[in-house]
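Worksheet: the structure to be examined is printed underneath.
The values are calculated or read from the model by the stated rules, or taken from the named source; none is laboratory data. Note that the structure is a prediction, hence the values are computed from the model and not measured. Here the Cβ is made from the backbone with ideal geometry for all residues, glycine too, and neighbour counts use every protein chain on show.
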Amino acid sequence: MKRLTVVQPFLFVAFPLLSLLASNLDFVRPRELLLPVAILAGITTLLLLVGARLMKSLEAAAITLSVFWLLFFSYGRLLALFGRRSAVSEALVGLGCLALLGLTVAIVLKHRGQLQPVAGILTIAGLALVAMPLIGMAPTLFARATAAPRPNAGAVAALKTRAPATHAPEPTHGAATATPPTATPTPTEPPDIYYIILDGYARADVLQDLYGYDNAGFLAGLTQRGFYIAERSRSNYVQTYLSLGSSLNMTYLDELAAQVGEDCEDRTPLQDLLAHNAVAELLKQAGYTYVAISTGYADQELAAADVFLSAGWSLSQFESGILNSTPLTPLIEMQHEMHRQRLLYAIAHLAQMPQKQGPLFVLAHIAAPHPPFVFGPNGDKITPNREFEFSDGPHFIGAGGTTEEYIAGYTGQVSWVNTQIAPVLDAILAGSARPPIIVLQADHGPGSRLSWASAERTDLRERTSILNAYCLPGGTEHLYAGITPVNTFRLILSEYLGVGYALLPDESYYSPWLTPYHFVHVASEGEAPSP
């Protein structure tokens, strides 16, 4: 029993991991805990054995290591008290933590033979700390485990069993029809389809009016390449999960929201809706090879594609969150560099796609110009002086950024994206054996004036106005200025696979970050979003 008190350092290293998981359970899968736990458990075991040998007391080593982990994972929170990272704040927090750790070592060495009661108290405290996030997560995990069928499974099943619409739908949200049970290619070999998502890329008028950025040159280049630019396009939703879940299933998400409830915070049904989206499954039935290029968003990866291209191992958002709470400042630059490499990898491999045997459905979700801002307008490397994260809007400001910094970083990254995408489009158009379909589309607009608390405090024009450009072989006469992503593949599949989809009303919906299924209508076809 005496030796059980040495479990305390394992408890103190487990608590911050479980706490972070509990606070992000809406979009982080519990399995993401396995690798960090395994690594930190191994490190803790090694340090405990070495410490016990050096200090000649297992209890002394355990107490010291418990204090070390407590300070190690509190570093980020202590640093946040200064507002943002700087050399001075890092030095002050670092010296303070070292002083406390040194004091701990001095005390335990002085009282080395009398530490059993202290070790017992710390063990009880560690157990209590670990129990708190476990108890908090238990209801959600139990509900997920006992849910039958999964809410998204029912929604996907409904999408796949309906017949395609052959008449105009009633102008109501949710009256969607989608994928028929089977699909066959047209008599001639169908064109390759490229669906390129530029995360957070704003429409031209918003860039000009709100960011002072003239994007006319890039858009003129798209027009010269045969693209139709939907000048009044909006996103259907203001969050990536919702936007891509809607566009890739060709429907609004009311049915899913009705199943999970508008107060649900769990994003895992949306993850499954993306992973098994109706567009990809229909195109696979029609003989397409489904190619997905890694985004860097671990919770949005489409590894179930026929071909999944990834730049290799990278930290998930959950793992980045763990590192951000620690003093491992040099790893912040490593994380930004890994993100730069992911972006470059996705762009380079897009340009190589025409070399593959088709027909291809290529889905590339490029996490730019969305934060983090890691490239300047000329491709120069930028490393923000803060934790690495994909935060947007108030999350960006809360992490120490400013509106002015957001605007400067965003417009710089738009310029960089433009210089990268134009050659990719040229390579696809020149290298394809037959004219391809290319959709260049944003999932939502930028977020310098975004509030995740309410639609009333959000600049909805900024958040919903998106770049939406189409290159369609044979003409673009069926496109229109206000087309939204929900209708993208309804139009394409009707025109090129002969499946008779009717277009849905073009509508936009806001939802808070914490309750993504709580949809608030903000605009209909032909309307500007409500302020």
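Whether any residue in the stretch 40-63 is surrounded by 13 or more Cβ atoms within 10 Å (Cβ to Cβ), polar (S, T, N, Q), assigned by TED's automatic domain parsing to the domain that holds residue 110 and under 30 Å from residue 267 (Cβ atoms) is what I want to check. No; the residues of the stretch 40-63 include none that is surrounded by 13 or more Cβ atoms within 10 Å (Cβ to Cβ), polar (S, T, N, Q), assigned by TED's automatic domain parsing to the domain that holds residue 110 and under 30 Å from residue 267 (Cβ atoms).
Filtered by the rule that a residue be over 23 Å from residue 417 (Cα atoms) and in a helix (DSSP H, G or I), the stretch 461-495 gives 486, 487, 489, 490, 491, 492, 493, 494, 495. Regarding the stretch 343-363, can at least one residue be identified that is closer than 30 Å to residue 211 by Cα, in contact (Cβ under 8 Å) with a residue 60 or more places away in the chain, touching a strand residue (DSSP E or B) at 6+ places or on another chain (Cβ under 7 Å) and in a strand (DSSP E or B)? Yes: one or more hits.
Can residue 444 be described as at pLDDT 95 or above and under 16 Å from the mean Cα position of the chain (by Cα)? Answer is yes for this residue.
Of all residues in the stretch 65-79, those that are farther than 9 Å from residue 12 by Cα and in contact (Cβ under 8 Å) with a residue 60 or more places away in the chain total 6. For the residues 435, 505, 512, 473, the requirement of being within 24 Å of the chain's Cα centre (by Cα) and touching a residue at least 60 places away in the same chain (Cβ under 8 Å) singles out 512. Residues in the stretch 20-51 that are modelled with pLDDT of 90 or more and small (Gly, Ala, Ser): 38, 41, 42, 51. Would you check if residue 233 is within 30 Å of residue 430 (Cβ to Cβ), touching a residue at least 60 places away in the same chain (Cβ under 8 Å), touching a Ser or Thr at 6+ places or on another chain (Cβ under 9 Å) and of a type in the set (S, T, N, Q)? When the stated conditions are applied, residue 233 passes them.
A single member of 515, 476, 458 is touching a Cys at 6+ places or on another chain (Cβ under 9 Å) and modelled with pLDDT under 95, and it is 515. Restricted to the stretch 237-274, and to residues there that are small (Gly, Ala, Ser) and in contact (Cβ under 8 Å) with a residue 12 or more places away in the chain, the residue that is farthest from residue 370 (Cα to Cα) is 261.
On the stretch given as the stretch 111-136, residues that are under 28 Å from residue 268 (Cα atoms) and either surrounded by fewer than 17 Cβ atoms within 10 Å (Cβ to Cβ) or touching a strand residue (DSSP E or B) at 6+ places or on another chain (Cβ under 6 Å) (or both) total 5. Once the stretch 288-307 is narrowed to residues that are small (Gly, Ala, Ser) and at pLDDT below 90, the residue that is nearest to residue 336 (Cα to Cα) is 296.
Here residue 92 qualifies as surrounded by 12 or more Cβ atoms within 10 Å (Cβ to Cβ) and either within 25 Å of the chain's Cα centre (by Cα) or modelled with pLDDT of 85 or more (or both).
Residue 498 meets all of the listed conditions (1) under 22 Å from residue 203 (Cα atoms); (2) out of contact with any helix residue (DSSP H, G or I) (no Cβ under 7 Å at 6 or more places or on another chain); (3) assigned to a loop (DSSP other than H, G, I, E, B); (4) not basic (Lys, Arg) but one, namely (1).
Please go through the stretch 79-89 and give me each residue that is crowded, with 16+ Cβ neighbours inside 10 Å and either small (Gly, Ala, Ser) or over 30 Å from residue 397 (Cα atoms) (or both), ordered by number. Scanning the stretch 79-89 gives 80, 89.
Only one of the listed residues (78, 54) is of a type in the set (A, V, I, L, M, F, W, C) and at pLDDT below 90. That residue is 78.
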